[in-house]
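Structure first, then comments.
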Amino acid sequence: MSALLLAGFLGLGSAAALAAESAPVTSANDTATLVTDRDAVGPDRHLRVGLRLQLKPGWHTYWINPGDAGDTPTLDVTADGGATGKGGSIHWPVPVRISEGGLMSYAYVNEVTLPEDLVLKGSGGTTLHAHGEWLVCAQVCIPESGDFTLTLPAAAQDAPEGAQAALFHKADAAMPVASPFAASVSADGVLMLSGKGLSAASVSQAWFLPQDGGVIDQVADQKLHVSDGQLTLGLKFLKSAHRDRPLVGVVVLKDAAGQESPLQIEARPVGGAAVAVAPVQTASAPGQVSGADVPTGAGWLRVLLFAFVGGLILNLMPCVFPVLAMKALSLAKMGGAGRGVQLQSALFYTLGVTGAFAALGIVMIGLRLAGSAAGWGFQFQSPGFVVAVCWLLFLMGLNLLGVFEVSAGRLGQVQTGSGRGGDMMTGLLAVIVATPCTAPFMGVAIAGALGGPPVMGVLVFLAMGLGLAFPYILVAGLPGVASRMPKPGAWMGILKQVLAFPLFATCVWLLWVAAIQRGVTFVALTAGGVVLLGFAGWIYGVGQRRSMLEGGRGTVAFCRVVAVLCVVVCGAALAQGLRAAPAPVAAGAVEAGVEPFSEARLAELRAQGKPVFIDMTASWCITCMVNERVALDVPSVQEAFRSRGIVFLKGDWTNRNAAIGAFLKAHGRDGVPFYIYYAPHQEGVVLPQILTPGIVISTIGK
C-alpha cells in the first residue's frame, strides 16, 4: 500500500513538472513553448510566464530593437478559471550583435526565454492562453506564430519554484540593471557615463544598444575612451534622430576577464539632468519604425543605384506601355522641333515623373510611420483608385481620338509653351500606371526607402523617377538623336489615334481588377461611368468645335456645364458604390492544383518535408499576370511541378491582406510579384521578379 502511495506522489510530482511547460509549437527552424516559473498557483497569485524559443543552429530571433533588419517578438497571455489575469510586457534579456552585409541586428541565438509578469485575481487553479509571434532568420527570414495553453492547479500554500524556474533565472542573469552612473549625450553623438568605478582597469570594451531604431548608425564603430570616473562612446546620429530627446538603451561594459555588465541608461542631452532608469520592459508601440532594412554609409549609394536601375527597367514593364506609347508620339514630334523645345519637353516630363514618385514616396513613408503595412502598388488595393484611373485613361483615349482637345497642351505632344502641362501630366500618368509593376532591383530599394530615415526614403523614390525618365532625357539631350527621327506629317494624326487603343485595353484590365475586388455590380457601375464620361467628352468636344467655327458662347457654356455634371454624377455614383457591401470574386480560388497561401499551411507542408512553391501576386500587377502566362501556366513547368510533387501556394494581394504584407516584409519586399521555392528541409530560394520557364525549372530542379 505504501508503495502505491509513493508511486502516486511521484506521479503527481511528474505531472506538476510537466505543467510548467505547454505543448510545443514546432517548425523546421525552432521549437516554441509557453513556460511558467511555478507548477501551481498559490495564495500570493503571482506567476512569471515566458515564451521559450529553442532555435536550430544558424537561426536567430530578435530583441525589442531588432536593429537594421528584423521584427520584435510579441507575447499576449491571459488567464481564466478560478484565478484570472493578463500578462504584462516582455522583459528583454540583452541580445548579441550580428553584423552582416553592412547591417546590424540585435538577436538571440540557440535558446532564449522572454519573460512576463502575471498577477492573478481570484482563487483556485487557472488556465493560461497565450499567442506569440516572432521572426526567425538565417539566410531567409520566416515569420512564425503559436497558440499555447497551460493549466496550473491551485496550491494551498505559496507554490515553490517549478521545473522551469531555471529558465527564468538564466533570463534574469542576462537582464540589464539600472545604471549607477550618470549618463548624458552630446549633440554630436558622444555618450558619457560618469561615476566611481569607471577606469581603464575595469572597462576594456563597451558598446551601446539603442532601445529604438532610427536613432544612430547601428553598424558604425563606437570609439571608446575611458579615464578614471568617466567613459565616453562615440556614436553616429542619423540625420532623422531627435537629438533633443533622451537616448535610451543598454550600455554593455566588458572587463579584461571577459565579464559583461549590461546597464540600462537614459542619457539626457547635454544640459539636462542625467538619470538612470529601470530595465526595458515594454515592446515597441504599434506602427513604430524599428529601422528594419535600413542601409548605412556606402549602403545608401547601393540602394540609390538599385532604385535608378529599377526605374530604368520599369520602362520595359508591360504596365507602362500605354503611357510610354504617348511619349513615342512626343519623340516623333521632336523630329521637327528645335533643340530648346526638345530639352524643355524632357525637363517637364522628368519633373512630372520625379514629382509623382516623390509624392508617392511621402505617402508610403507616412503610412508606414503611422503603422500601416502599405507596400508598392498599395493604392491599387483601393477600388476607388482603380476606377478613377480607368476613367482617366478612357478620357485620355477619347482625347487621342480627337473627340475633344485639351487646350492647355495636348498630352504627349511637344508644343512651344503650351506643351509643358502635357509633358508633366504624361510623366504623372506614367508613374500612376507603373505602380502595379515591380522591376528587378526595386525590391531592395523600396525596402531601404521605407525602413530608413524619411529624407533618404524620398531620395530613393526620386532616384527611381530619374531612372524611369532617363531614356527620354537621353534622347532629348544627345545632339542629333531627335533630329534623325521621322519628320512630322499626316501620319502623325493616324499614330495619335492608334495610340488610344492601348489605353482602352488598359481600361478593360482595370475593369477586371474591379470585378475581383468588389464584384460584378461594381463593374456595372464602372462601365456605366465609362458611358457617361464618353458622353461628357463628346458634348465637350461639340462645344469646342462650335466655339471654333461659330463662336457661340451660349452653346459652348451649355456643353461645358453638361460635361461637368456628367463628371459629378460619376463621382457621386462611385462614392455610393464604394459604400455598398462588396461582393468580391476570389481570384484564383478555382484554379486546379493551387492552394491559397497561409503561414499555417506553409509550416504544415514544410514539417511534412514537402516541396513548396509560393507565388505572391495581385490582379492589378501586370508583371505578375505576364509571369503566370509565360512562365508558370505553361505545360513544361506544370509537368515539372507534378512530377516533383511540389505544392503550389498562391497569395492574392489584390485586396489588403495583413498576412501577405507581413510575409513580404519579412523577406525584404514591399510589393509583388514575389516568388520563393522551399525544397524539403531546406531554406527558401527567392526567384527573380521576371520569370521564364527555364528559370523556374532550373530552380526547382536543384
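Couple of notes before you dig in:
- Residues considered: Ala174, Ala241. Of these, the only one that is surrounded by fewer than 19 Cβ atoms within 10 Å (Cβ to Cβ) and among the small types (Gly, Ala, Ser) is Ala174.
- Hey, Ser636 under 21 Å from Gln682 (Cβ atoms) and in a helix (DSSP H, G or I) or not: no
- Single match in Ser261, Ser284 (criterion: modelled with pLDDT of 85 or more and surrounded by fewer than 20 Cβ atoms within 10 Å (Cβ to Cβ)): Ser261
- Filter result for Gly684 (touching a residue at least 40 places away in the same chain (Cβ under 8 Å) and out of contact with any helix residue (DSSP H, G or I) (no Cβ under 6 Å at 6 or more places or on another chain)): yes
- Unique match (being among the aliphatic types (A, V, I, L, M) and either in contact with a Phe, Trp or Tyr (Cβ under 7 Å, 6 or more places away or on another chain) or farther than 29 Å from Gln517 by Cα (or both)) among Ala603, Ala640, Ala631, Ala659: Ala640
- Being more than 11 Å from Ile614 (Cα to Cα), under 17 Å from the mean Cα position of the chain (by Cα) and either in the same structural domain as Ser619 (by TED's automatic domain parsing) or not in a loop (DSSP other than H, G, I, E, B) (or both) is a description that applies to Val672.
- Residue in region 126-142 that is surrounded by fewer than 18 Cβ atoms within 10 Å (Cβ to Cβ) and more than 27 Å from the chain's Cα centre (by Cα) present: yes
- Residue within region 193-212 that is in the same structural domain as Gly249 (by TED's automatic domain parsing), among the β-branched types (Val, Ile, Thr) and within 38 Å of the chain's Cα centre (by Cα) present: no
- Asp188 assigned to a strand (DSSP E or B) and among the charged types (D, E, K, R): no
- Residue in region 174-183 that is within 30 Å of Val455 (Cβ to Cβ) and outside any helix (DSSP H, G or I) present: yes
- Gly122 fulfils the conditions (1) at pLDDT 85 or above; (2) of a type outside the set (A, V, I, L, M); (3) on the phi > 0 side of the Ramachandran plot except for a single criterion, (1).
- Members of region 69-112 found to be at pLDDT 85 or above and among the charged types (D, E, K, R), listed by number: Asp76, Asp80, Lys86, Arg97, Glu111
- Residue pairs whose Cβ atoms lie under 7 Å apart, separated by 6 or more positions or on different chains, with the first residue in region 521-537 and among the polar types (S, T, N, Q) and the second in a helix (DSSP H, G or I), are Thr526/Val387; Thr526/Cys390; Thr526/Leu511; Thr526/Ala514.
- All positions within region 177-191 that are more than 36 Å from the chain's Cα centre (by Cα) and surrounded by fewer than 22 Cβ atoms within 10 Å (Cβ to Cβ): Pro180, Phe181, Ala182
- Any hit, region 65-79, residues being surrounded by 22 or more Cβ atoms within 10 Å (Cβ to Cβ), farther than 22 Å from Leu167 by Cβ and without any contact (Cβ under 8 Å) to a residue 60 or more places away in the chain: no
- Residue identified as farther than 30 Å from Phe522 by Cα, in a helix (DSSP H, G or I), at pLDDT 80 or above and of a type in the set (Phe, Trp, Tyr) among Phe470, Phe394: Phe470
Rundown of residues vs (1) assigned to a helix (DSSP H, G or I); (2) hydroxyl-bearing (Ser, Thr, Tyr); (3) at pLDDT 80 or above; (4) outside the structural domain of Cys621 (by TED's automatic domain parsing), yes/no style:
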| residue | (1), (2), (3), (4) |
| --- | --- |
| Pro486 | no, no, no, yes |
| Gly493 | yes, no, no, yes |
| Lys496 | yes, no, no, yes |
| Val513 | yes, no, no, yes |
| Leu533 | yes, no, yes, yes |
| Trp538 | yes, no, yes, yes |
| Ser547 | yes, yes, no, yes |
| Thr555 | yes, yes, no, yes |
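- With respect to being modelled with pLDDT of 90 or more and of a type outside the set (S, T, N, Q), Val647 fits the description.
- Residue count for region 28-64, restricted to those that are in a strand (DSSP E or B) and in contact (Cβ under 8 Å) with a residue 24 or more places away in the chain: 23
- Any hit, region 159-167, residues being at pLDDT below 90, touching a Gly at 6+ places or on another chain (Cβ under 7 Å) and surrounded by 13 or more Cβ atoms within 10 Å (Cβ to Cβ): yes
- Leading residue by the ranking (surrounded by the most Cβ atoms within 10 Å (Cβ to Cβ)) among those in region 653-695 that are in contact with a His (Cβ under 9 Å, 6 or more places away or on another chain) and among the aliphatic types (A, V, I, L, M): Ile676
The values are calculated or read from the model by the stated rules, or taken from the named source; none is laboratory data. Note that this is a predicted model, so its numbers are computed, not measured. All Cβ positions, even for glycine, are placed from backbone atoms using ideal geometry, and neighbour counts span all protein chains on display.
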